[in-house]
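Below is one structure, written out as structure tokens; comments come after it.
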Amino acid sequence: MKKRVIVGLSGGVDSSVAAYLLKEQGYEVIGLFMKNWHDDSVTISDECPWLDDSNDAMLVAEKLGIPFQTVDLSEQYKERIVDYMFNEYEKGRTPNPDVLCNREIKFDVFMKIALDLGADYVATGHYCRKGTIENNGEQVYQLLSGKDNNKDQSYFLCQLSQDQLAKALFPIGELQKSEVREIAKQADLITADKKDSQGLCFIGKVRLPDFLQQQLKPKDGVIVEIPKDNFHYKTTQTSFKSKTEELQYLSRKAEYSISDGEIVGKHQGAHYFTKGQRKGLSVGGKVEPLFVIDTDVKENVIYTGQGKGHPGLYKKALYVSNEELHWIRPDLMLKTDETLKVLARIRYRQPLENAILHKVESGMYVEFENLQSAITEGQFVAWYLEDELVGSGVIS
């Protein structure tokens, strides 16, 4: 019996080539297009209208001679992704919808549909690889980074579980993007030269404030500029009773107040802004551009600093609570007081940085060798051992 694989055909070149390769390898392949979003009123231009994408996906399936159908997951997508996003922004955190989308939609709702259709595996066009090792007589699955360093998407899958990985295939993980396009050309697939989609998973390019305004009402507030020589950055503690106390200090959130700086502008809602953001502040006349160094959604104040090197942007450590800690490799999970040297990143495409994990009773600290810019609550930190992503967590 041929193994049956259901491919999430998105209408892009990566998933098209994934389907093509699986067919070449002798699998029984079925293409499924996920329709997750209906509202075009918030998308900018026609970057990613689902109609064009589903059409391209259908043409690819036709070309490959594989069955094709569309599944409407917009209800689940709204509930699990969009509502979660609104909720996080309201709390002053910045969520990562792409990571959630993989955990909640592609490898959960979608995977269940695929398994109900008798699939042995679900395949996507992600640039990452899957490994299998034996541990105490049990099979353990590894999530490995993609061979194309420029396109590696393992970070987006940092919340997957062993059960999800067991059923997943990543056919293009060993390839470079240029090779994927070449294969698509050779196979005469309509998506061969199609531009990569940008923006929110399944929604496309959106103006975030427009999108968030559907739920979070605009409210006027002030933009405050904090000078580089503010007292917050002058006093540094050097002696600590314990390592945990030091980590608490290094990962602490600065408590700014309006009187710490000067009011330089107005905004329409602190919940529309995120740490490290430069665009959208509309404050001119400064030597260097202003960056958001913090937001206070309770008081509706945005704190900013001049220049990329502003000390308010940098921290050496972050904290993840136990509730938001996730190990792809549960066999490597740390116990309280254990430490582990890893490579870590706090955003997609960030080069991996040397770090040490410190497990404490309430959660875990990630201490970086170098200062990190714009560590943002609500985003995911992912940690690796060489090229294997072994765990992740939501920055608190």
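The values are calculated or read from the model by the stated rules, or taken from the named source; none is laboratory data. Since we're looking at a predicted model, the values are computed, not measured. Virtual Cβ from ideal backbone geometry, glycine too; neighbours counted across all protein chains shown.
For region 350-381, the set of residues classified as within 19 Å of the chain's Cα centre (by Cα) and either β-branched (V, I, T) or closer than 15 Å to L334 by Cα (or both) consists of V366, I375, T376, V381, listed by residue number.
Provide a single number: the residues in region 233-255 that are touching a helix residue (DSSP H, G or I) at 6+ places or on another chain (Cβ under 7 Å) and touching a residue at least 12 places away in the same chain (Cβ under 8 Å).
Here is the first cut: in region 233-255, the ones touching a helix residue (DSSP H, G or I) at 6+ places or on another chain (Cβ under 7 Å) are 233, 237, 240, 254.
This time we only want the ones that are touching a residue at least 12 places away in the same chain (Cβ under 8 Å), so: 233, 237, 254.
Total meeting the criteria: 3.
Residues that are within 30 Å of E134 (Cα to Cα), of a type outside the set (F, W, Y), assigned to a strand (DSSP E or B) and without any contact (Cβ under 8 Å) to a residue 40 or more places away in the chain: does region 323-339 have at least one? I'd like the intermediate steps shown before the answer.
So the first thing to find is which residues in region 323-339 are within 30 Å of E134 (Cα to Cα), and the list is 323-339.
Narrowing the set further to residues that are of a type outside the set (F, W, Y) leaves 323-326, 328-339.
Retained after the next criterion (residues that are assigned to a strand (DSSP E or B)): 325-326, 339.
This time we only want the ones that are without any contact (Cβ under 8 Å) to a residue 40 or more places away in the chain, so: 339.
Scanning region 323-339, I find at least one residue that is within 30 Å of E134 (Cα to Cα), of a type outside the set (F, W, Y), assigned to a strand (DSSP E or B) and without any contact (Cβ under 8 Å) to a residue 40 or more places away in the chain, so the answer is yes.
Just name the residue that is nearest to E288 (Cα to Cα) out of those in region 307-358 that are of a type in the set (S, T, N, Q) and touching a strand residue (DSSP E or B) at 6+ places or on another chain (Cβ under 6 Å). Spell out how you get there, then give the answer.
In the first step, residues of region 307-358 are kept if they are of a type in the set (S, T, N, Q); the result is 321-322, 336, 339, 350, 354.
Right, trim to touching a strand residue (DSSP E or B) at 6+ places or on another chain (Cβ under 6 Å) and you get 321-322, 336, 339, 354.
Numbers: S321: 36, N322: 39, T336: 44, T339: 40, N354: 30 Å.
Here the residue is N354.
When we screen S257, S239 for residues that are within 30 Å of E338 (Cα to Cα) and surrounded by fewer than 15 Cβ atoms within 10 Å (Cβ to Cβ), the only hit is S239. For region 253-266, the candidate set comprises residues that are at pLDDT 95 or above and of a type outside the set (V, I, T); within that set, the residue that is nearest to E367 (Cα to Cα) is Y256. Taken together, the criteria place P330 among residues that are closer than 18 Å to L157 by Cα and touching a helix residue (DSSP H, G or I) at 6+ places or on another chain (Cβ under 8 Å).
Does region 67-80 contain any residue that is among the aliphatic types (A, V, I, L, M) and in contact (Cβ under 8 Å) with a residue 24 or more places away in the chain? For region 67-80, residues among the aliphatic types (A, V, I, L, M) and in contact (Cβ under 8 Å) with a residue 24 or more places away in the chain: present. Taking the residues in region 163-183 that are farther than 18 Å from L115 by Cβ and hydrophobic (A, V, I, L, M, F, W, C) as candidates, determine which candidate is farthest from the chain's Cα centre (by Cα). So the residue we want is I183.
Taking region 30-65 on its own, how many of its residues are surrounded by fewer than 19 Cβ atoms within 10 Å (Cβ to Cβ), in a loop (DSSP other than H, G, I, E, B) and either at pLDDT below 75 or of a type in the set (A, V, I, L, M) (or both)? First the steps, then the outcome.
Filtering region 30-65 for residues surrounded by fewer than 19 Cβ atoms within 10 Å (Cβ to Cβ) gives 35, 38-41, 44-47, 49, 51-52, 54-55, 58-59, 62-63, 65.
Still in the list and also in a loop (DSSP other than H, G, I, E, B): 38-39, 44-47, 49, 65.
Narrowing further to those that are either at pLDDT below 75 or of a type in the set (A, V, I, L, M) (or both): 38-39, 44-47, 49.
Of the residues in region 30-65, 7 are surrounded by fewer than 19 Cβ atoms within 10 Å (Cβ to Cβ), in a loop (DSSP other than H, G, I, E, B) and either at pLDDT below 75 or of a type in the set (A, V, I, L, M) (or both).
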